[in-house]
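Colleague: Here's a structure for you.
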4 protein chains.
Amino acid sequence: MVKYRVFVLKGDADSSELAEKLGKGNVSVKKLKLYSRNLLLAWPDSGKPVDHPGIEFQTSIDSEFILSSREWKRDDTIVDVGGVHVGRDVTIAAGPCSIDFTENIEEFASQLKKAGAHIIRGGAYKPRTSPFSFQGKGTEGLDILKKMGEASGLPVVSEILDSDNLKDFNGVDLLQIGSRNAQNFQLLRKVARDGRPILLKRGMGNTYTEWMATADYVMSEGNGSVILCERGIRTFDNATRFTLDIGSIARGKNESHLPICADPSHPAGTRELVIPMTLSSVAAGADMILVEVHPNPDLALSDGKQQITVRDLAKLAESVKSLRQAIRV
Amino acid sequence: MVKYRVFVLKGDADSSELAEKLGKGNVSVKKLKLYSRNLLLAWPDSGKPVDHPGIEFQTSIDSEFILSSREWKRDDTIVDVGGVHVGRDVTIAAGPCSIDFTENIEEFASQLKKAGAHIIRGGAYKPRTSPFSFQGKGTEGLDILKKMGEASGLPVVSEILDSDNLKDFNGVDLLQIGSRNAQNFQLLRKVARDGRPILLKRGMGNTYTEWMATADYVMSEGNGSVILCERGIRTFDNATRFTLDIGSIARGKNESHLPICADPSHPAGTRELVIPMTLSSVAAGADMILVEVHPNPDLALSDGKQQITVRDLAKLAESVKSLRQAIRV
Amino acid sequence: MVKYRVFVLKGDADSSELAEKLGKGNVSVKKLKLYSRNLLLAWPDSGKPVDHPGIEFQTSIDSEFILSSREWKRDDTIVDVGGVHVGRDVTIAAGPCSIDFTENIEEFASQLKKAGAHIIRGGAYKPRTSPFSFQGKGTEGLDILKKMGEASGLPVVSEILDSDNLKDFNGVDLLQIGSRNAQNFQLLRKVARDGRPILLKRGMGNTYTEWMATADYVMSEGNGSVILCERGIRTFDNATRFTLDIGSIARGKNESHLPICADPSHPAGTRELVIPMTLSSVAAGADMILVEVHPNPDLALSDGKQQITVRDLAKLAESVKSLRQAIRV
Amino acid sequence: MVKYRVFVLKGDADSSELAEKLGKGNVSVKKLKLYSRNLLLAWPDSGKPVDHPGIEFQTSIDSEFILSSREWKRDDTIVDVGGVHVGRDVTIAAGPCSIDFTENIEEFASQLKKAGAHIIRGGAYKPRTSPFSFQGKGTEGLDILKKMGEASGLPVVSEILDSDNLKDFNGVDLLQIGSRNAQNFQLLRKVARDGRPILLKRGMGNTYTEWMATADYVMSEGNGSVILCERGIRTFDNATRFTLDIGSIARGKNESHLPICADPSHPAGTRELVIPMTLSSVAAGADMILVEVHPNPDLALSDGKQQITVRDLAKLAESVKSLRQAIRV
């Protein structure tokens, strides 16, 4: 495996000279600006520290994920989602799997806020196994979601499947890349260039390392506002719809500076398991929870069985808060 | 799949008459005494309730686990392990993966107790992938473990591989069936007849249902003192040594009356992950934690990387306590 | 789960009238032309046969894949890839993982043909875990691949990552959708509309059913020239890089009318296993093999360890031929 | 990981002197007789060749399986099962999952032989998920199996769950250790000492390496008559009941001198898939097939759906033979 050397440059230092110096022979070089710092990446790393007056810090990284690694950025990255600071306290994003209703929108949005949601989630474009299943309400769904945001004053998040739709997502504060597109690198790059914060779900068949490395695709476009989201992996186990990989949350908190989100709804598959699996995720270190809440779960057009009510959300938010305080002490 | 009908009989009622009445044609019948109650199992169930004066309660169970199911026993079973009541508060069992030291035994035992352990664990017989790897100290190890128990006044738990060794386990309060023997049904039956409490680890390749059903093997011998232990399953994921199946703990708490234990040490594989994975298990509902603690982890003959120190244990026990209180409220 | 009813219409019958008749209330209807037949899909199916003079054949399908199912089309679909009829005898597509060489192109192409290849494969756009790994030579690679096709007179296949690149793929006879984009439904739809034959690799984390259903995305755009390709799934097993799912090939042959391809190179991971895993795939029923062959495997920029030589290919092609004859008798 | 050094001694050389010379300090030594050769195992290996006149051959093995490895024994081991030489041509063992019938036994046995079976299989002790499911006919079943052997003149194989039953297995030519007991090392050791050939099924949750290493448990007791059997592993895939790990068969043939068997019936789960999965196994290199055949599959008390008829077996045996010849050329 290739080793990489990361250089963080001094405030006013220009990376071009250093890039030119290093980029000889078979050495590749990449200049980047992330978190207001000039960075330089060079690989394969010779293993020897480089002497140059513009360098503030340098390190060698022997991993398949570089930019998302804590090895060059020790402090936690806080991602600003429309004023909500993800990575500080536990952020709760809540709302319907897909927006399949048109009534009492504002009221539902207010209820979510009151119950403890900091961000409203809602699916408008839904990737489904079959082309003949309900695929979401598209732009109509996005319009409803934006109205929910306005009514409540909360930022909103929704999944994007195609960069051609980016303009329709104006007003959406956080762009979600779903599990099925986790390694759709073209989509990652194009959405990254838009500059908005991105929520990267782990592919249900992806390893921990592959998941971490998807963040590098976004960050290599100069966009450091990435939240990584564990949503359960495929295993032989039949206890739950997917197996929530708690260990990858804990390891991700150790090894990456990015905030980690957990989606307990998809692995749970049924309502009763959503609460314990949420608490479990927060205890493992999750900074954010993405939970499916529906005004009337039994009428939902997709994933009804795993959506909870606003009343459940209120209880959950309470428990999350006290749990976080308990393990902080 | 076959359906079963479970009958709980009235205090002084005899099950023989009912057994005779039901056990006709192709119907199988099994008489059992569990938790001081006379039970009767009949299958396949016709679906019709049976009318008989001796019946206090009856129900039809459509599952591959019957006796461990909450469907016939709603209240939580509390297992008495040498005076420690597993299933009430969170019980912590701590000690070395294998007993590979002979010095300062009593002192280490006292340290474990002081740090918050309620039960002392220690391996004497170790199943290893290769016959040439260290297989544990056998009876010598058991003797050391018993001394640790005596010194601290705590009950002890150790893994048993062969029912021929049962006499050597005299003085061991809780008998552990390991992951590799999870479906060694002959061992389960024979150890069950001994009557002592049994800790049943889930096989690393077993489904949730298979795990639950292993308890039925023990209970069908009339031994209801069973603790079910999740210890991580085999998946493609490389974040951790095994994938801790948090969902199966949560579902197990809903569906079984038996206490659920979690072993965070084996799935973690490294020290840093043991604490978050322990907290995660407790948040999911675990009643007991089985954690590897070594006087000197770096010198351990097996699994050194995943064993924590007594000092870590003390911190962990504190966090577990406050977490449990937080989510109880 | 929703049931679907598929109608195959008589030669000159118009489906509009039937569509109008059926598409009432909550019933959805889709008109399609596939394999020169007018089809109509209606769901949810009421379960009752529909009486209409234009219907030649109708059937109810209770599955998540409809169009790729053998339930409405009994005969094997033969896909014409630049004159090669995939689905008749075993088709061998061979060539480098990625085109990373520029010399002796024509000679290598002729060698591949002589060794038994019917189609030449070569990667120009490579999706890699890290954005800093070699991503293929892009259009330059495609140009080389086309030259190889011209020199040998064989059709060529290459992976497409982005529909924006479709024009660069002019001259490429078979468009491959890779494992990471297996559920990138936008890409599937857009490439399908191009009309060329498509090779659909199974996602490494996708179930059999999900894989089969990806073909429905292509076919619902009116493109029936689909080859399904099994390339190994993610499992806990460490014997090979991926676990080749032989059972899904066998089941796919039973349940789908589409040709099934196997990629033995990715699951094998090492050269020595490519030959037995190829033979194994053909014995399970595979119609096509996609095998990585490099002029100099040890110098390859990606997946060198699993690429075989032209000499190996010649032997392999011989064995494949005799094996197919043996099991045909 | 520990390295091992294996010494094969000259015909009349005594290993005691060498053992004494090597077994100093922390070096462990094991004397063994396998395949009529005196062996010595010493670990950890210093890496330096040992000079001693009694040594015919020595090698260092850096793996978790030693005795089953081809690194010290290049030639294929042929296991004699009651006169059938497993490891030469493809051996077919066929018969019912469990012996659940008592009529026309001799006739059925003759039919199996005529259809191409070389060994008759039949389960008498069945490990089942639930203690209340049919557990086999025990000694009665073994008696019927032996009668089938006598009637046909073929050797017989059956699964043993408990070494206490060894005497009941007198007359059984090949002792099978099932998937659930694959790492029941006490059973492996005790049955190994009996001296008869042993068929070792891979645990459904065991890695390739763990499977290979189970053979070392048998061989370390001086019993070299081991056949390794792949029977499908647990994965997320739902195409088949288990995922037949073709790659582990191919890799096992490269790395181990022991014969490899495949059980296509359990992974297939349904009749239609048994034939292609058998052929697939043979193409991957399997030396033996263990296939479930029932006089009346639809009446079978266990696994009826995956059992084939004698007529199917005859066709299968023909195909296996021609396939083997085809790939041999």
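The values are calculated or read from the model by the stated rules, or taken from the named source; none is laboratory data. Only a predicted model underlies this, so the values are computations on that prediction, with no experimental measurement involved. Here the Cβ positions follow ideal geometry from the backbone for every residue, glycine too, while neighbour counts run over all protein chains shown.
Colleague: Hey, could you check the stretch D:198-227 for residues that are touching an Asp or Glu at 6+ places or on another chain (Cβ under 9 Å) and away from chain B (no Cβ under 13 Å) and say which is farthest from D:Met288 (Cα to Cα)?
Modeller: D:Ser225
Colleague: So which of A:Glu255, A:Glu230 is farther than 26 Å from C:Ile233 by Cβ, among the acidic types (Asp, Glu) and within 13 Å of chain B (Cβ to nearest Cβ)?
Modeller: A:Glu255 is the lone residue from the list that is farther than 26 Å from C:Ile233 by Cβ, among the acidic types (Asp, Glu) and within 13 Å of chain B (Cβ to nearest Cβ).
Colleague: When you look at C:Pro53, is it at pLDDT below 95 and over 27 Å from the mean Cα position of the chain (by Cα), yes or no? First the steps, then the outcome.
Modeller: Numbers: at pLDDT below 95: yes; over 27 Å from the mean Cα position of the chain (by Cα): yes.
Answer is yes for this residue.
Colleague: Tally up the residues in the stretch B:22-46 that are surrounded by 14 or more Cβ atoms within 10 Å (Cβ to Cβ) and not in a loop (DSSP other than H, G, I, E, B), please.
Modeller: So the count comes out to 14.
Colleague: For C:Lys167, only one of the following conditions fails: (1) closer than 20 Å to C:Ile308 by Cβ; (2) basic (Lys, Arg); (3) outside any loop (DSSP other than H, G, I, E, B). What is its number?
Modeller: Unmet for C:Lys167, out of (1) closer than 20 Å to C:Ile308 by Cβ; (2) basic (Lys, Arg); (3) outside any loop (DSSP other than H, G, I, E, B): (1).
Colleague: State all residues of the stretch D:241-273 that are surrounded by 22 or more Cβ atoms within 10 Å (Cβ to Cβ), of a type in the set (A, V, I, L, M, F, W, C) and more than 11 Å from the chain's Cα centre (by Cα); if no residue qualifies, say none.
Modeller: D:Leu244, D:Ile246, D:Ile249, D:Ala250, D:Ala268, D:Leu273
Colleague: If we keep just the residues of the stretch C:265-290 that are more than 9 Å from every other protein chain (Cβ to nearest Cβ) and of a type outside the set (A, V, I, L, M), which is nearest to C:Thr309 (Cα to Cα)?
Modeller: C:Arg271
Colleague: Still on this structure, please answer the following. Tell me which residues, restricted to the stretch D:283-312, are crowded, with 24+ Cβ neighbours inside 10 Å and within 29 Å of C:Val274 (Cα to Cα).
Modeller: Hits for the stretch D:283-312 are D:Ala283, D:Ala284, D:Ala286, D:Asp287, D:Met288, D:Ile289, D:Leu290, D:Val291.
Colleague: Here is a follow-up. Looking only at the stretch B:103-119, count every residue that is part of a loop (DSSP other than H, G, I, E, B) and closer than 20 Å to B:Ala317 by Cβ and tell me the total.
Modeller: The total comes to 3.
Colleague: Looking at (1) more than 18 Å from the chain's Cα centre (by Cα); (2) touching a residue at least 60 places away in the same chain (Cβ under 8 Å), which is the only condition C:Val157 fails?
Modeller: All conditions are met except number (1).
Colleague: On to the next question. Kindly provide the set of residues from the stretch C:141-166 that are charged (D, E, K, R) and within 14 Å of another protein chain (Cβ to nearest Cβ), ordered by number.
Modeller: If the condition is that a residue be charged (D, E, K, R) and within 14 Å of another protein chain (Cβ to nearest Cβ), then C:Glu159, C:Asp162, C:Asp164 are the ones that fit.
Colleague: Now for a separate question. Would a scan of the stretch D:234-241 turn up a residue that is at pLDDT below 95, over 26 Å from D:Ile198 (Cα atoms) and among the small types (Gly, Ala, Ser)?
Modeller: Yes, the stretch D:234-241 contains a residue that is at pLDDT below 95, over 26 Å from D:Ile198 (Cα atoms) and among the small types (Gly, Ala, Ser).
Colleague: Among the residues of the stretch D:171-212, what is the count of those that are touching a Pro at 6+ places or on another chain (Cβ under 8 Å), assigned to a helix (DSSP H, G or I) and hydrophobic (A, V, I, L, M, F, W, C)?
Modeller: 1
Colleague: Just one of C:Arg88, C:Arg74 is out of contact with any Ser or Thr (no Cβ under 6 Å at 6 or more places or on another chain) and in the same structural domain as C:Ser256 (by TED's automatic domain parsing); which is it?
Modeller: Matching residue, one of C:Arg88, C:Arg74: C:Arg88.
Colleague: Does the stretch B:120-135 include one or more residues that are assigned to a helix (DSSP H, G or I) and assigned by TED's automatic domain parsing to the domain that holds B:Val226?
Modeller: Among the residues of the stretch B:120-135, not one is assigned to a helix (DSSP H, G or I) and assigned by TED's automatic domain parsing to the domain that holds B:Val226, which makes the answer no.
Colleague: Still on this structure: Just checking, how many residues over the stretch C:271-314 are in contact with a helix residue (DSSP H, G or I) (Cβ under 6 Å, 6 or more places away or on another chain), in a loop (DSSP other than H, G, I, E, B) and at pLDDT 95 or above?
Modeller: The total comes to 2.
Colleague: Of everything in the stretch B:96-110 that's closer than 17 Å to B:Arg311 by Cα and touching a Pro at 6+ places or on another chain (Cβ under 8 Å), which residue is modelled with the lowest pLDDT?
Modeller: Out of the qualifying residues, it is B:Asn104.
Colleague: Restricting to the stretch B:242-252, name every residue that is more than 7 Å from chain A (Cβ to nearest Cβ) and within 22 Å of C:Gly232 (Cα to Cα).
Modeller: Listed by number, the list holds a single entry, B:Phe242.
Colleague: Identify the single condition in (1) outside the structural domain of D:Gly138 (by TED's automatic domain parsing); (2) modelled with pLDDT under 95; (3) hydrophobic (A, V, I, L, M, F, W, C); (4) outside any helix (DSSP H, G or I) that D:Leu67 does not satisfy, given that it satisfies every other one.
Modeller: Just one mismatch for D:Leu67, condition (2).
Colleague: Moving on. For the stretch A:84-97, state whether one or more residues are in a loop (DSSP other than H, G, I, E, B) and under 23 Å from A:Met1 (Cβ atoms).
Modeller: The answer is no; no qualifying residue exists.
Colleague: If you don't mind, another one. With assigned by TED's automatic domain parsing to the domain that holds D:Gly304, surrounded by fewer than 24 Cβ atoms within 10 Å (Cβ to Cβ) and under 30 Å from B:Ser28 (Cβ atoms) as the only criterion, which of D:Leu187, D:Leu166 stands out? Let's see the steps before the verdict.
Modeller: Values: D:Leu187 fails: surrounded by fewer than 24 Cβ atoms within 10 Å (Cβ to Cβ).
So the residue among D:Leu187, D:Leu166 that is assigned by TED's automatic domain parsing to the domain that holds D:Gly304, surrounded by fewer than 24 Cβ atoms within 10 Å (Cβ to Cβ) and under 30 Å from B:Ser28 (Cβ atoms) is D:Leu166.
Colleague: Quick check, is B:Asp100 touching a residue at least 60 places away in the same chain (Cβ under 8 Å), within 14 Å of chain D (Cβ to nearest Cβ) and either in a strand (DSSP E or B) or of a type outside the set (A, V, I, L, M) (or both)? Before you say what the answer is, go through the steps one by one.
Modeller: Details: touching a residue at least 60 places away in the same chain (Cβ under 8 Å): yes; within 14 Å of chain D (Cβ to nearest Cβ): yes; either in a strand (DSSP E or B) or of a type outside the set (A, V, I, L, M) (or both): yes.
Answer is yes for this residue.
Colleague: Taking the criterion of being buried (at least 24 other Cβ atoms within 10 Å of the Cβ), more than 13 Å from chain C (Cβ to nearest Cβ) and in contact with a helix residue (DSSP H, G or I) (Cβ under 9 Å, 6 or more places away or on another chain), would at least one residue in the stretch A:233-240 satisfy it?
Modeller: Yes, the stretch A:233-240 contains at least one residue that is buried (at least 24 other Cβ atoms within 10 Å of the Cβ), more than 13 Å from chain C (Cβ to nearest Cβ) and in contact with a helix residue (DSSP H, G or I) (Cβ under 9 Å, 6 or more places away or on another chain).
Colleague: List pairs: first in the stretch D:311-325 and within 16 Å of D:Arg271 (Cβ to Cβ) and facing chain C (nearest Cβ under 8 Å), second of a type in the set (Val, Ile, Thr) and part of a helix (DSSP H, G or I), Cβ under 9 Å, 6+ apart or cross-chain?
Modeller: D:Ser319/C:Ile327; D:Ser319/D:Ile275; D:Ser319/D:Thr278; D:Ser319/D:Val282
Colleague: Is it the case, given these coordinates, that D:Glu221 is surrounded by fewer than 24 Cβ atoms within 10 Å (Cβ to Cβ), acidic (Asp, Glu) and in a loop (DSSP other than H, G, I, E, B)?
Modeller: Taking the combined requirement at face value, the residue satisfies it.
Colleague: Additional query: Would you say D:Ser68 is surrounded by 21 or more Cβ atoms within 10 Å (Cβ to Cβ) and under 30 Å from B:Lys305 (Cα atoms)?
Modeller: On the way: surrounded by 21 or more Cβ atoms within 10 Å (Cβ to Cβ): yes; under 30 Å from B:Lys305 (Cα atoms): yes.
So D:Ser68 passes the test.
Colleague: Continuing with this model, one more query. Looking at the structure I just gave you, is D:Pro44 more than 12 Å from chain B (Cβ to nearest Cβ) and without any contact (Cβ under 8 Å) to a residue 60 or more places away in the chain?
Modeller: No, not satisfied.
Colleague: While we're here: Which of the residues belonging to the stretch A:126-140 are closer than 29 Å to A:Ala314 by Cβ and either within 14 Å of chain C (Cβ to nearest Cβ) or surrounded by 23 or more Cβ atoms within 10 Å (Cβ to Cβ) (or both)?
Modeller: The answer is A:Lys126, A:Phe134, A:Gly136.
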